[in-house]
Amino acid sequence: MVEDDDLTPNFMSNQMWSSNGEFVPPDGICWVSVLSCLLLACSYVGSLYVWRSDLPRDHPAVIKRRFTSVLIVSALSPVFVWTWKVYTGVMPGPSLLALMGIRFEGLIPAIILPLLLTMVLFLGPLIQLAMDCPWGFMDGIRVAVDPWFWALCLRDMRWLRNQVVAPLTEELVFRACMLPMLVPCASPSTAMLTCPLFFGVAHFHHVIELLRFRQGTVSGIFLAAVFQFSYTAVFGAYTAFIFIRTGHLVGPVLCHSFCNHMGFPALSTALEHPHRLTILSCYLLGVLLFLLLLFPLTDPLYYGLPTPVCTLASVPSSLCIS
């Protein structure tokens, strides 16, 4: 009769921790991690196309159907991490939810500081919007606290997609689930740069719809796709950085929602603006302040040391220390 231990994959039987307490990744874990992330990314994108329709992606009926499928995949995504953990034999100290950034320790700083940091980066666009907005400051405050305004937003399918569902599900799948699987087989820095590649490639599916509805020339569509891949990959690296440094999911979700609202900075409009010197100065000031505050505002000391995902790191990383 075969003993149960003989059925365990070879890389699961290796020692998980060294004599000095550092995590030692089991052999073969990287292949399992990368394939798990690839399967998760394909499941997420594939869920958008289980519904057959001749309508464009912004039609409310299409959005509602995609909400259903993508929320199901997102709800099941922790199962991928749990299965990966069981199969590889990785037994982390923190709970599965904590590894995915769902925890109470350091929650208030995680809500405020990463979003504040992102707003600093967008200082130029925010000043530009304030200059061009016909409302006064108090008008904006009144709108922000008006429940009817938020009721209208919640009835707008595109707003719900861009500001709520997409940020929440994408950060859950591409950051909270993928990073705990990637960090053990690479350094946190490498995982931070690898994870966005899945995120960027996942956005290539927009090419299918643009070609299908002939929304531009073939060359123009592919150039736009390459550009979108580039900035989504950079943005993905940024939110992965926030996730690793803070150990929280809420920060990346709020930053994602804010960036979706702001869109890509309209530099061409800023160059033609009557107050372009002031606006461009704010653009530059925002970038400089962002670089100065990047590490101080994401100091793990504010969020609880060590952050859960950093406990899986096989080598010390500057991303995980205060």
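The values are calculated or read from the model by the stated rules, or taken from the named source; none is laboratory data. Remember, predicted model here, so these are calculated numbers, not experimental data. Using ideal geometry, Cβ is built from the backbone for each residue, glycine included, and neighbour counts are taken over all protein chains shown. With ligands, DNA and RNA removed, areas are computed over all heavy atoms of the protein, side chains included. Shrake-Rupley method; radii C 1.70, N 1.55, O 1.52, S 1.80 Å.
Which residue out of A233, A240 is in contact (Cβ under 8 Å) with a residue 60 or more places away in the chain, in a helix (DSSP H, G or I) and either over 17 Å from Q128 (Cα atoms) or open to solvent by less than 40 Å² (accessible area, probe 1.4 Å) (or both)? After applying the criteria, what remains is A240.
Residue-wise test of (1) open to solvent by 60 Å² or more (accessible area, probe 1.4 Å); (2) more than 22 Å from the chain's Cα centre (by Cα); (3) charged (D, E, K, R).
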{"residue": "L271", "(1), (2), (3)": "yes, yes, no"}
{"residue": "P274", "(1), (2), (3)": "yes, yes, no"}
{"residue": "I279", "(1), (2), (3)": "no, yes, no"}
{"residue": "L285", "(1), (2), (3)": "yes, yes, no"}
{"residue": "L294", "(1), (2), (3)": "no, no, no"}
{"residue": "P300", "(1), (2), (3)": "no, no, no"}
{"residue": "P306", "(1), (2), (3)": "yes, no, no"}
{"residue": "C310", "(1), (2), (3)": "no, no, no"}
{"residue": "C320", "(1), (2), (3)": "no, no, no"}
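For segment 127-147, the criterion of being touching a Leu at 6+ places or on another chain (Cβ under 7 Å) and open to solvent by 40 Å² or more (accessible area, probe 1.4 Å) is met by no residue. Remark: pairs (first residue in segment 81-102, part of a loop (DSSP other than H, G, I, E, B); second residue of a type in the set (G, A, S) and open to solvent by less than 10 Å² (accessible area, probe 1.4 Å); Cβ separation under 9 Å; 6+ apart in sequence or on different chains) = P94/G247; M100/S77; M100/A176; G101/A110; G101/A176; G101/G247; G101/G251; I102/A176. Could you tell me whether any residue of segment 228-244 is at pLDDT below 80 and not small (G, A, S)? Yes, segment 228-244 contains at least one residue that is at pLDDT below 80 and not small (G, A, S). When we screen P94, P56, P114, P125 for residues that are closer than 30 Å to L284 by Cβ and out of contact with any Gly (no Cβ under 6 Å at 6 or more places or on another chain), the only hit is P125.
Every residue, every condition in (1) farther than 26 Å from L38 by Cβ; (2) modelled with pLDDT under 90, yes or no:
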{"residue": "V120", "(1), (2)": "yes, no"}
{"residue": "P147", "(1), (2)": "yes, no"}
{"residue": "L154", "(1), (2)": "yes, no"}
{"residue": "L182", "(1), (2)": "no, no"}
{"residue": "C185", "(1), (2)": "no, yes"}
{"residue": "L193", "(1), (2)": "no, no"}
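For segment 78-101, a residue qualifies if it is within 26 Å of T298 (Cα to Cα) and either open to solvent by less than 80 Å² (accessible area, probe 1.4 Å) or in contact with a helix residue (DSSP H, G or I) (Cβ under 6 Å, 6 or more places away or on another chain) (or both), and the qualifying residues are P78, V81, P92, G93, P94, S95, L96, A98, L99, M100, G101. Out of S187, S77, one residue alone is over 18 Å from the mean Cα position of the chain (by Cα) and in contact (Cβ under 8 Å) with a residue 24 or more places away in the chain. It is S187.
Any residue at all in segment 212-220 that is modelled with pLDDT of 85 or more and polar (S, T, N, Q)? So far as segment 212-220 goes, no, none of its residues is modelled with pLDDT of 85 or more and polar (S, T, N, Q). Pairing each residue of segment 39-53 that is within 15 Å of P78 (Cβ to Cβ) with any residue that is open to solvent by 30 Å² or more (accessible area, probe 1.4 Å) and part of a helix (DSSP H, G or I), provided the two are 6+ apart or on different chains, yields C-beta distances under 7 Å for L40/F80. In segment 146-179, the qualifying residues are those that are assigned to a helix (DSSP H, G or I) and among the charged types (D, E, K, R), and the one that is farthest from T194 (Cα to Cα) is R155.
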